[in-house]
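Data first, discussion second: the structure below is written as structure tokens.
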Amino acid sequence: MHYPEPIAKLIDSYMKLPGIGQKTATRLAFYTLDMKEEVVNDFAKALLSVKRDLHFCSICGNITEEDPCEICQDTTRDRSTILVVEEPKDVMSMEKMREYRGLYHVLHGVLSPMEGTGPEDINIASLLQRLHDEAVEEVIIATNATTDGEATAMYLSRLIKPAGIKVTRLAHGLAVGSDIEYADEVTLLKAVEGRREL
Ligand SMILES: [Zn+2]
């Protein structure tokens, strides 16, 4: 069956979202057609705004409206500790816990030989630069407990330790293969408290 082009295009767009197949995309497209124009307008604006108004912090790589981000600018935070995560959403998870008062660094991925992701493809160079420029005493590596996350942690540890900086890894309260994003606050807090030196 051939849909009119505007609907076909919208279905294609919805199918670009994770976990949305043709059937759901079609349902969403027809649902959108029935929505009030102002609601659709707000929806479209929100989609564009997330790309236009958000940038990556030039220091830590987190998403932010202003550069540097709020966390990097916050002088009450402990600047001697940097917690390294894979994605901006992991920063949000850590912040929800409200216990961690240090700074962050977002890698935007992990090393993955399978997917051809090397050190130059993720935000590692700027981390090393920060460690060189700032008085950092501890780097907590909070990459996910996956094979690539572990390999990235080991790689970073080998790079950072020779500079005399303590490198720790979140404790395995986190199940193997699990994402920081899905851990609840108590589990995360335990993982941070029980971190071990690499
Ligand atoms: Zn920042």
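Some values worked out for this structure:
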item	result
222 nm mean residue ellipticity, helices alone, for the chain (DSSP H n ≥ 4; -39,500 (n - 2.57); rounded to 500)	-13000 deg cm²/dmol
Relative contact order (percent, whole number), the stretch 66-171, Cα cutoff 8 Å, 6+ residue spacing	28 percent
Antiparallel DSSP beta bridges within the chain, as percent of all bridges there, nearest 5	30 percent
Angle between the chain longest axis and helix 147-160 axis [Cα atoms, degrees, rounded to 10]	40 degrees
FRET E, pair PHE56, HIS132, Förster distance 30 Å, beta-carbon r, rounded to 0.05	0.90
Qualifying GluC sites (Glu not before Pro) in the stretch 1-86, DSSP loop, other Cβ atoms within 10 Å at most 13	GLU65, GLU66
The stretch 110-198, relative contact order [Cα under 8 Å, separation at least 6], %	28 percent
Length-normalised contact order of the chain in % [C-alpha pairs under 8 Å, at least 6 apart]	15 percent
Extended-chain gain in nm, criterion 0.36 nm per residue less alpha-carbon gap, LYS36 and ASP74	9.5 nm
Flagged links, alpha-carbon separation over 25 Å, of LYS9/LYS45; LYS96/LYS190; LYS51/LYS89; LYS9/LYS51; LYS36/LYS89; LYS89/LYS190	LYS36/LYS89
Estimated translational D of the chain in µm²/s (Stokes, Kirkwood radius over Cα pairs; 20 °C; 1.002 mPa s)	113 µm²/s
For the stretch 66-171, convex hull volume per residue from C-alpha positions, Å³	109 Å³
Cα centroid separation - the stretch 79-95 against the stretch 23-39, whole Å	36 Å
Cut-off of 10 Å, at most 13 other beta carbons, DSSP loop: longest stretch of the chain lacking such trypsin sites (Lys or Arg not before Pro)	102-198
Cα-derived Rg over Rh, computed across the stretch 5-53 with Rh taken as Kirkwood radius	0.99
Along each principal axis, Cα extent of the stretch 1-85, largest first, Å	61, 27, 16
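Each value in this text was obtained by applying a stated rule to the coordinates, not by laboratory testing. Model, not experiment: these values are computed from the prediction. No Cβ is skipped: glycine too gets one built from the backbone with ideal geometry, and neighbour counts run over all protein chains shown.
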